[in-house]
Amino acid sequence: MCWIFWYSWSKDAISILVHWLERLEYRWYDSAWIYVNNWKDKTFRARSVWKVSELATKLQSMKDRTYIKGIAHTRWATHGWVTEENTHPHQSNNGKRSIVHNWIIENYSKLKKELIWNWFTFSSETDTEVIVNLLEKHFNWDMLETAQSVQKIIRWAYAVLIVNSEFPDEMIWIRLWSPLIYASSKQWEHFFSSDAQALAWYADNMVYLEDWDVIHIVNDEYNIYANWEVTKRNIEDFDQEALEASKWDYKHFMLKEIYEQPNTIKRTMKWRVNFDAMSLHSETFHGMGNEDYNKIVTVACGTMNHVGWLGTYRLQNLAKISAYSEIWSEYENKPFFINPQSLHIFLSQSGETADTLETLKMVKEQWGKTLGIVNVVWSSIARETDDWMYVRAGTEIGVASTKAFVTPSVLMLLLSLFLWKRRWMRLSKYQQIMRELQHLPSYIETVLDQSDHIRSIAMDLLWYKDFFFLWRWYQYPIAAENSLKFKEITYLHSEAYAAGELKHWSLALIDENFPTIFNLPHDEMYEQNLSNLQEIKARKWKICVIWDRRVEDADWQITIPETIDEIYPFLTAVAGQLLAYHVADLLWNDIDKPRNLAKSVTVK
Ligand code: AGP
């Protein structure tokens with residue numbers, strides 16, 4: 001994770017860039033660099049390793065404040081340790097092209113070998129230096145064409161700023177997945193930033209750039225290219241308060257993140273699914289298709305364990321692969337039974353959970369194949385696993401995971417479909433799932449539209465202290481997750497157990513003061529679930545059902561769209577998130593920072 005800022009044109013660039021660096025002081029970084037240029041092409045460059053504040057102090061003490069353009073960059077080491085040699089910018093061998101880069105180039109190793117074969121040398125261990133030498137190798141005196149040639153070669157997830165000493169008034173930005181916005185002020189200042197919040201109170205309007213956008217600046221006039229055709233992007237007013245608050249108009253980050261789910265699901269599917277062709281882009285499954293797995297184990301903590309759990313149902317029922325989910329603390333004390341066709345999938349939102357990392361290292365010590373499914377790009381788990389897939393749910397601030405539960409769960413379904421396609425899949429079922437996946441964002445919006453109704457149910461539930469979450473089959477991980485979310489932010493007791501267990505013990509526990517929340521969609525288990533519903537109603541106990549068609553009376557009910565078994569879990573999960581949120585909000589709990597919990601448990 002890095003941040004790039006570029007500024008010109010009328011104020012003291014050093015003060016502005018230093019302020020941006022100070023605003024990011026709390027973020028992840030391990031080195032920073034600043035480059036400024038005044039109108040006489042006098043330049044100054046300073047960098048610091050580890051302490052951004054030292055760089056800021058050094059720059060603040062500078063007497064010469066005539067610099068009016070500049071770039072500030074904070075680096076989070078991914079390729080190459082924290083050393084001055086690895087700090088940006090990086091220059092090409094002939095020193096004429098420089099580059100600042102955000103995020104990663106996944107195929108840099110192969111490209112670096114090819115460049116070395118072509119007599120290029122490298123002074124750093126970074127992937128960034130590969131890009132700038134490719135620019136030199138493909139340079140044809142047209143910066144835009146050169147950038148286009150290189151973009152076709154490197155593999156994604158980056159924001160790149162290219163400058164060329166032979167064209168001092170030109171600059172090229174390329175954006176792919178790494179956030180980047182262009183902004184300007186009424187004082188004719190221009191900004192590029194990978195962090196919109198840092199521009200609060202500087203810019204007056206902004207342009208959110210899209211994936212694959214290329215921005216070509218000549219003398220502060222810019223053109224935006226999409227697929228290398230000049231295009232226009234909407235210019236939006238820069239709403240300082242909203243961005244500064246960054247919760248937008250939501251009361252809590254958790255609620256904002258619940259409502260982001262239709263978009264995060266679209267984003268995680270965007271580069272992996274072609275709905276028109278009903279196909280999956282194999283290159284985004286990172287070589288998963290090259291192996292014939294006979295055993296898959298998911299390993300995670302907390303909510304992410306429920307993602308793995310749900311994923312194993314799809315791997316078993318669709319791809320017909322022996323799959324099971326493990327909580328790290330139990331798994332690390334078991335024999336792993338690793339074989340050449342087994343795969344361990346490590347799931348983590350932060351990618352920094354020490355418990356999950358620990359088990360990952362143990363599996364690697366036994367030569368087990370590993371795949372990371374993480375949300376934070378280039379986090380430790382992504383870097384430690386043999387291969388990785390990014391969830392692309394965006395930053396999740398609320399401690400209680402919501403979008404980082406449903407979004408990776410969709411990714412696990414796509415992975416199951418991808419592996420199933422290689423193993424005699426049933427085409428009609430595959431196409432049915434693909435069609436329903438295409439509707440999933442709108443289905444979730446339908447559930448979100450019931451938020452006020454769910455809040456009215458939450459108000460009734462305030463009278464109770466104990467809750468039972470019931471489920472069957474695909475709904476098992478969802479009821480367990482809904483119970484976890486409920487406990488995590490309401491601090492009330494709840495537990496999830498199989499509906500089939502009712503007569504074996506649960507009926508002794510439930511009574512009129514122990515409401516049941518029953519996931520009862522019209523799936524393969526529906527008829528059996530209805531009999532359990534009767535058992536509860538016969539005793540006049542309280543029940544809230546989450547279902548897609550009303551056939552019985554229930555004390556409370558949340559209606560979800562009718563769909564298929566593989567899709568219902570995402571909808572009952574969102575309903576459960578809203579129910580937990582509203583109960584916790586009515587209890588005035590600190591929803592975004594629940595007591596005794598942290599967003600990322602980076603210690604064992
Ligand atoms: C979920 O709401 C909790 N915040 C917690 O269970 C979390 O899922 C767990 O700590 C794992 O964190 P990770 O996804 O960052 O690895």
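The values are calculated or read from the model by the stated rules, or taken from the named source; none is laboratory data. If you're wondering where the values come from, they're calculated on a predicted model, not measured in any experiment. Cβ sites come from the backbone with ideal geometry, for glycine too, and all protein chains shown count toward neighbours. Ligands, DNA and RNA are excluded from the accessible area calculation, which covers all protein heavy atoms including side chains. Shrake-Rupley method; radii C 1.70, N 1.55, O 1.52, S 1.80 Å.
In the set (1) at pLDDT 95 or above; (2) under 14 Å from ASN532 (Cβ atoms), the condition left unmet by GLU481 is number (2). Of all residues in the range 354-383, those satisfying the criterion of being within 13 Å of the ligand (Cβ to nearest atom) and not β-branched (Val, Ile, Thr) are ALA354, ASP355, LEU357, GLU358, LEU360, GLY372, ASN375, SER379, SER380, ALA382. Candidates ASP590, ASP555, ASP523: the one that is among the charged types (D, E, K, R) and closer than 26 Å to THR312 by Cα is ASP523.
Taking the range 121-150 as the range and being closer than 22 Å to ASN86 by Cα and either open to solvent by 30 Å² or more (accessible area, probe 1.4 Å) or of a type in the set (S, T, N, Q) (or both) as the test, the residues that pass are THR121, PHE122, SER123, SER124, GLU125, THR126, THR128, ASN133, GLU136, LYS137.
Taken over the range 442-466, residues that are out of contact with any Asp or Glu (no Cβ under 9 Å at 6 or more places or on another chain), open to solvent by 40 Å² or more (accessible area, probe 1.4 Å) and assigned to a helix (DSSP H, G or I) amount to 7. Of the residues making up the range 572-598, those that are open to solvent by less than 60 Å² (accessible area, probe 1.4 Å), over 20 Å from HIS522 (Cβ atoms) and not hydrophobic (A, V, I, L, M, F, W, C) number 7. Here TRP309 qualifies as among the hydrophobic types (A, V, I, L, M, F, W, C), in contact with a Ser or Thr (Cβ under 8 Å, 6 or more places away or on another chain) and within 25 Å of ARG472 (Cβ to Cβ).
Considered as a group, the residues in the range 318-338 that are polar (S, T, N, Q) and open to solvent by less than 50 Å² (accessible area, probe 1.4 Å) include one that is nearest to the ligand (Cβ to nearest atom), and that residue is SER329. Within the range 578-602, residues that are assigned to a loop (DSSP other than H, G, I, E, B) sit with their Cβ atoms under 8 Å from residues that are open to solvent by 60 Å² or more (accessible area, probe 1.4 Å), at 6+ positions apart or across chains, in these pairs: LEU587/TYR491; ASN589/TYR491; ASP592/ILE397; PRO594/TYR491; ARG595/TYR491; LYS599/ILE397. The single condition from (1) under 33 Å from the mean Cα position of the chain (by Cα); (2) free of Cβ contacts under 8 Å to residues at least 60 places away in the same chain; (3) more than 16 Å from the ligand (Cβ to nearest atom) that SER494 fails is (3).
With respect to the conditions (1) in contact (Cβ under 8 Å) with a residue 60 or more places away in the chain; (2) surrounded by fewer than 21 Cβ atoms within 10 Å (Cβ to Cβ), THR395 falls short on a single one, namely (1).
Kindly list the number of the only condition in (1) in contact with a Lys or Arg (Cβ under 6 Å, 6 or more places away or on another chain); (2) more than 16 Å from the ligand (Cβ to nearest atom); (3) open to solvent by less than 30 Å² (accessible area, probe 1.4 Å) that fails for PRO569. Against the list (1) in contact with a Lys or Arg (Cβ under 6 Å, 6 or more places away or on another chain); (2) more than 16 Å from the ligand (Cβ to nearest atom); (3) open to solvent by less than 30 Å² (accessible area, probe 1.4 Å), PRO569 comes up short only on (1).
Looking across the range 471-491 at every residue that is open to solvent by 30 Å² or more (accessible area, probe 1.4 Å) and either on the phi > 0 side of the Ramachandran plot or aliphatic (A, V, I, L, M) (or both), the one that is nearest to the ligand (Cβ to nearest atom) is identified as LEU484. Do you know which of the residues in the range 257-314 that are among the small types (Gly, Ala, Ser) and more than 16 Å from the ligand (Cβ to nearest atom) is farthest from LEU411 (Cα to Cα)? Selected residue: ALA277.
Does the range 493-508 contain any residue that is part of a loop (DSSP other than H, G, I, E, B) and open to solvent by less than 30 Å² (accessible area, probe 1.4 Å)? Within the range 493-508 (the criterion being part of a loop (DSSP other than H, G, I, E, B) and open to solvent by less than 30 Å² (accessible area, probe 1.4 Å)), the answer is no, since none of the residues qualifies.
Scanning the range 340-353 for residues that are open to solvent by 10 Å² or more (accessible area, probe 1.4 Å), more than 16 Å from the ligand (Cβ to nearest atom) and modelled with pLDDT of 90 or more returns a single hit, GLN341. If the condition is being over 23 Å from ARG267 (Cβ atoms), of a type outside the set (D, E, K, R) and open to solvent by 20 Å² or more (accessible area, probe 1.4 Å), then the range 202-227 contributes TYR202, ASN205, HIS216, VAL218, ASN219, TYR222, ASN223. Across the range 431-463, the number of residues qualifying as modelled with pLDDT under 95 and among the aromatic types (Phe, Trp, Tyr) comes to 1.
The lone criterion from (1) under 27 Å from THR446 (Cα atoms); (2) within 16 Å of the ligand (Cβ to nearest atom); (3) of a type in the set (S, T, N, Q) left unmet by THR563 is number (2). Checking the stated criteria, THR146 turns out not to satisfy the condition of being among the hydroxyl-bearing types (Ser, Thr, Tyr) and modelled with pLDDT under 85. Does SER325 satisfy the condition of being under 23 Å from the mean Cα position of the chain (by Cα) and in a loop (DSSP other than H, G, I, E, B)? Criteria not met by SER325.
Just to verify a result, which residue in the range 391-437, among those that are within 21 Å of LEU448 (Cα to Cα) and among the β-branched types (Val, Ile, Thr), is nearest to the ligand (Cβ to nearest atom)? Per the criteria, the residue is VAL399.
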